[in-house]
1. Mind checking the dipole of chain A: about its Cα centre, +1 per Lys or Arg Cβ, -1 per Asp or Glu Cβ, Debye to the nearest 20?
2. Bin width 20 Å, origin at 0, all Cα-Cα pairs of the protein assembly as shown: what percent of pairs per bin?
3. R0 = 41 Å: FRET efficiency of residue A:233 with residue A:166, Cβ-based, nearest 0.05?
4. If the elastic network links every pair of Cα atoms under 10 Å, which of A:84, A:166, A:233 fluctuates the most in the Gaussian network model of chain A?
5. Helix A:215-227 against the longest principal axis of chain A: what's the angle in degrees, Cα atoms only, rounded to the nearest 10?
6. Which of the three applies to chain B, rounded, prolate or oblate, going by the alpha-carbon gyration tensor with a ≥ b ≥ c and a/c under 1.5 meaning rounded?
7. How fast does segment A:1-158 diffuse by Stokes-Einstein, in µm²/s, taking the Kirkwood radius from C-alpha pairs at 10 °C and 1.306 mPa s?
8. So, in nm, how far is label residue A:56 from label residue C:12 when the simple model puts each one 7 Å beyond its Cα toward the Cβ?
Amino acid sequence: MARAATLPRLTWQSATLTQVRRESSTASTLRLDVAGWPGHRAGQHVDVRLTAADGYTAVRPYSLASAAGSGLVEITVATTPGGEVSTYLVNDAVAGNHVEVRGPLGSWFVWDVSDPDPVQLVAGGSGVVPLMSMLRTHGSAGHPAPMRLLYSVSDPEQVLYADEVEQLAHAATVLHTRHSPPGTARPPGRVTPAEVEEHTLPATSRPSVFVCGPTGFVEAMLTVLTGLGHDPERIRAERYGERSSP
Amino acid sequence: MSEPGVVPRHLDGNAAAGALAELFGTDITGAMGTCTACGNRAAMAETHAYVDGPGVVLRCHACDSVLMRWATSRRTTWLEMSGLRSIEITVAP
Amino acid sequence: MTSSGTQPLVSEGFSGRMRVQDPALPPGQHLVDRFPVMSAGPTPVVHRRAWELTVTTPSGRQTPWDFAGLTRLPVEDVVADLHCVTRWSRSGTRWRGVPVEALLREVDDAGARYVMAHSYGGYTTNVPLEDLLDGRAWLVFDHEDEPLSAEHGGPVRLLVPHLYLWKSAKWVNGLTLMSHDAPGFWESLGYHLYGDPWREQRHSRD
């Protein structure tokens, strides 16, 4: 009898919050202690399940922000209006609380240090979270190929990982859509095709491209990037919705 | 491809990774699926996922046909995948 | 340590949204302020002047309708409570439209007991014919005094407020009369063939 390929089975694991850090007025990073965590790849996410005392449960996916190979399990959560899970995780949860996680999940929107090519990252809002995992993985590995970030965000207060983004210096460009920091020449507004061209690696350098953000932002960026000559086969996208379920 | 003024509402198959793992027992977002209607072959992560309704619907990103759809009650899952001609699941090394 | 199959782990301080039963609502429902958008596919964009609907009898006879023809029928204002199977409800929503029975008055419905509603984009849902008669169902085109938006089912959607909202097909373009019941898009995935929110008929099983 032929031996069937053995697929790793995914189940819910109990996890303890060991640290909660504020990232902005509306987002926090939560560090989780998960027994037997198998490690993750940059770009992956976990499902988080919360259970109330009466048995009510709610499940939401959150991207991992920590570097692959770091041994750390950190997610960054931004509150969504009326979001019962995000509101609890950002505003109420404290170290010592328990949640359940399932993952790591996703084997498509991932970047590994074994990829020798340049990398262009394009983030809209909290879409920067899985891309930060890639930047941290890239940085801690001392990867020789360039990795650049274009980060569209509503206003300076909403910038996640502001210190780390600043340390990236010329490898990161932050563009504001609603309010610009004082003293900047660029008026706030949506990222234009010309700005994408100016602040990203040229298509001729054949970078791997990762785009993450709200669906409308991702759709717009895919159109711009393919228009600039990027091979659609080399672009990977992750959309997150303004969840409409109450 | 969407009309002006109409907000696209889909996510990626990646967003359904956990729910798919519940059905298949493992992460299949990197598995390659072939659309029955148009023959397009793409990773399950590249499908368009509609997750807000009574169930989950995955559509072909090339032709919008339904590839897979499923719904669950307390004890039962109903799964329909006639729109998916085949799926290739490779085990990670 | 896995917790699957055992008692789930409680997240300290998590209560989730309010789950207090409101006696004015069907069981398991809670009121929301916003009007959530639920979709199973891309939003079709159909202009009123291009909209068409076909009524098909069990014998296969077809009657086409366009928007001008629809609005020549007696128009009614409707105030309705909506109950979505995903557990949200809205009360006192206002609509303008035409009772479904006005479209069925002239057709030969001999032998018809059920109706399959069809939509642009391929959605379907089944409803007993009698539930579409006697002023209990409408084809609506205005919502809160505005033309019905595409994301909420415009230009024309079915409104059957006494059943779960998945029965109120958005972007409706066909009503097919049938002698026997058949499941539509969600009904074929275990959702209830009838779907009465007051009897909590969410699924056909458990």
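1. On the way: 19 positive and 24 negative charges, 89 e Å.
Taking the Cα centre of chain A as origin, the dipole is about 420 debye.
2. Bins of 20 Å from zero give 20, 51, 26, 3 percent of pairs.
3. Working: r = 33 Å, r/R0 = 0.81.
After rounding to 0.05, the efficiency reads 0.80.
4. Comparing A:84, A:166, A:233 in a Gaussian network model of chain A, the most mobile one is A:233.
5. Helix A:215-227 sits roughly 40 degrees off the main axis of chain A.
6. Working: a/c = 1.62, a/b = 1.17, b/c = 1.38.
Note, shape of chain B comes out oblate.
7. Numbers: Rh = 16.7 Å.
Using the Kirkwood radius from Cα pairs, D works out to 95 µm²/s.
8. 2.1 nm
Laboratory data are not the source of any read-out in this text; all were calculated from the coordinates shown. Predicted, not measured: the structure shown is a model, and the values here were computed from it. Reconstructed Cβ throughout: ideal geometry from the backbone, glycine too, with neighbour counts over all protein chains shown.
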